[in-house]
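First comes the structure, then the notes that go with it.
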Amino acid sequence: MKKFAVLFFAVLAAGFMFLVGGPSASAKAAPDEALVGVVNASDTTIYGLAGEKPVFLNFWATWCPPCVGEMPAIEEMYKTYGDRLHFAAVSVDDEKGAAAAFVQSRGLTVPVYTGALNKIGNDYNLDAIPKSVLVGTDGSIIAEHVGGMSAAELEAFLRKAL
């Protein structure tokens, strides 16, 4: 009877893990979005980038102090890891020219994009910015972070995709 009870609970636990998507469940798929190159970038899609190597998405705006504060760290990480990760700084500024002027005035080389802001905001749940998302080559979301990051925090975040 004891063996039966142990076997019963093992089967029950395995079935529960299957139903709720245990450790082998696939990760959440990143929404694919059309990205319009603003500066240092050509028009593409998130999946177009992710097909080659993982993607670091950073949703930001020129009027957001934490966004502006982490840009030097993003630029530094782009120079360090740009050969292993695609970087896409996605501006949610209403005016496309604001992001271009900001990037050019600071001499940044990180690719900057914009897109259908309402759709991007809804699809990526942009309740607050900056928001960073790592997308794997299979289009799955590897990690997300809301709020500004220091260079050390950003590097630790990026390593999740390397």
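Points worth noting:
- Tyr113 long-range amide H proximity, modeled H, under 5 Å: Val38, Ala89, Val90, Ser91
- Taking amide H as placed 1.01 Å from N in the peptide plane, Ile142 has its amide H under 5 Å from the amide H of Leu134, Val135, Gly136, each at least 5 places away in sequence or on another chain.
- Extended-chain gain in nm, criterion 0.36 nm per residue less alpha-carbon gap, Ala152 and Asp94: 17.9 nm
- Three-way shape call for the range 120-162 based on the alpha-carbon gyration tensor, with the a/c threshold at 1.5: oblate
- Residue by residue, the range 104-116 carries 3J(HN,Hα) couplings of 5, 5, 9, x, 6, 10, 4, x, 10, 10, 9, x, 6 Hz when phi is fed to the Karplus relation 6.51 cos²θ - 1.76 cosθ + 1.60 (θ = phi - 60°); x denotes Gly or Pro.
- Cα-based equivalent ellipsoid, the range 22-162: semi-axes from gyration tensor eigenvalues, Å: 22, 17, 15
- Global form of the range 86-162, assessed from the alpha-carbon gyration tensor, a/c cut-off 1.5: oblate
- 3J(HN,Hα) along the range 134-142, derived from phi through the Karplus expression 6.51 cos²θ - 1.76 cosθ + 1.60 where θ = phi - 60°, amounts to 9, 10, x, 5, 8, x, 8, 7, 8 Hz, with x in place of Gly and Pro.
- Contour minus Cα-Cα distance for Lys160 and Gln104 (0.36 nm per residue): 17.2 nm
- Percentage relative contact order, the range 26-159, counting C-alpha pairs under 8 Å, at least six apart: 36
Coordinate-derived values only; no laboratory data. The shown structure was predicted, so the numbers you read here are calculated from the model rather than taken from an experiment.
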